[in-house]
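The values are calculated or read from the model by the stated rules, or taken from the named source; none is laboratory data. Just so you know, these numbers come straight off a predicted model, no measurement behind them. Glycine also receives a Cβ, built like all others from the backbone with ideal geometry; neighbour counts cover every protein chain displayed.
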């Protein structure tokens, strides 16, 4: 299974800092403006009272594709997958299954 190192935030404008964390790729899901790369964290992170196991990432910059992220990584927008909503993410991101959280970097890793 493909793994990534993900980190981000700045404890300011770009959200709480987190990582580096290791995550496994579940896959690219959704279409058009709802598409995302779904990742499962090997070690869950805490966000307030929620223990988060899954993150959904999207390329931050125009022209960068999911294939680019999978091959060499890049800057991403990171959304928390809300608890119990992992299955619905497969249809794509929505305000009922995720919450935009941070800007970060996602890099393929051997970890």
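For the list (1) over 21 Å from residue 97 (Cα atoms); (2) in a strand (DSSP E or B), I need the number of the one condition that residue 68 fails. Unmet for residue 68, out of (1) over 21 Å from residue 97 (Cα atoms); (2) in a strand (DSSP E or B): (2).
A quick yes/no check of all residues on (1) more than 17 Å from residue 85 (Cβ to Cβ); (2) under 12 Å from the mean Cα position of the chain (by Cα):
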{"residue": "14", "(1), (2)": "yes, no"}
{"residue": "25", "(1), (2)": "yes, yes"}
{"residue": "31", "(1), (2)": "yes, no"}
{"residue": "38", "(1), (2)": "no, yes"}
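Does residue 34 count as touching a strand residue (DSSP E or B) at 6+ places or on another chain (Cβ under 6 Å) and within 18 Å of residue 93 (Cα to Cα)? Against the criterion (touching a strand residue (DSSP E or B) at 6+ places or on another chain (Cβ under 6 Å) and within 18 Å of residue 93 (Cα to Cα)), residue 34 does not qualify.
Within the stretch 85-111, if we keep just the residues that are over 12 Å from the mean Cα position of the chain (by Cα) and part of a helix (DSSP H, G or I), the residue that is surrounded by the most Cβ atoms within 10 Å (Cβ to Cβ) turns out to be 88.
Could you check, for the stretch 69-84, whether at least one of its residues is surrounded by fewer than 16 Cβ atoms within 10 Å (Cβ to Cβ) and either within 9 Å of the chain's Cα centre (by Cα) or more than 22 Å from residue 2 (Cα to Cα) (or both)? Taking every residue of the stretch 69-84 in turn, at least one turns out to be surrounded by fewer than 16 Cβ atoms within 10 Å (Cβ to Cβ) and either within 9 Å of the chain's Cα centre (by Cα) or more than 22 Å from residue 2 (Cα to Cα) (or both).
Which one is surrounded by the fewest Cβ atoms within 10 Å (Cβ to Cβ), of the residues in the stretch 1-38 that are outside any strand (DSSP E or B) and in contact with a helix residue (DSSP H, G or I) (Cβ under 8 Å, 6 or more places away or on another chain)? For the stretch 1-38, the residue satisfying everything is 2.
Does residue 56 satisfy the condition of being within 15 Å of residue 89 (Cβ to Cβ), in a strand (DSSP E or B) and either touching a helix residue (DSSP H, G or I) at 6+ places or on another chain (Cβ under 9 Å) or at pLDDT below 95 (or both)? Yes: the conditions hold for residue 56.
Across the stretch 71-84, the qualifying residues are those that are assigned to a loop (DSSP other than H, G, I, E, B) and on the phi > 0 side of the Ramachandran plot, and the one among them that is modelled with the lowest pLDDT is 84.
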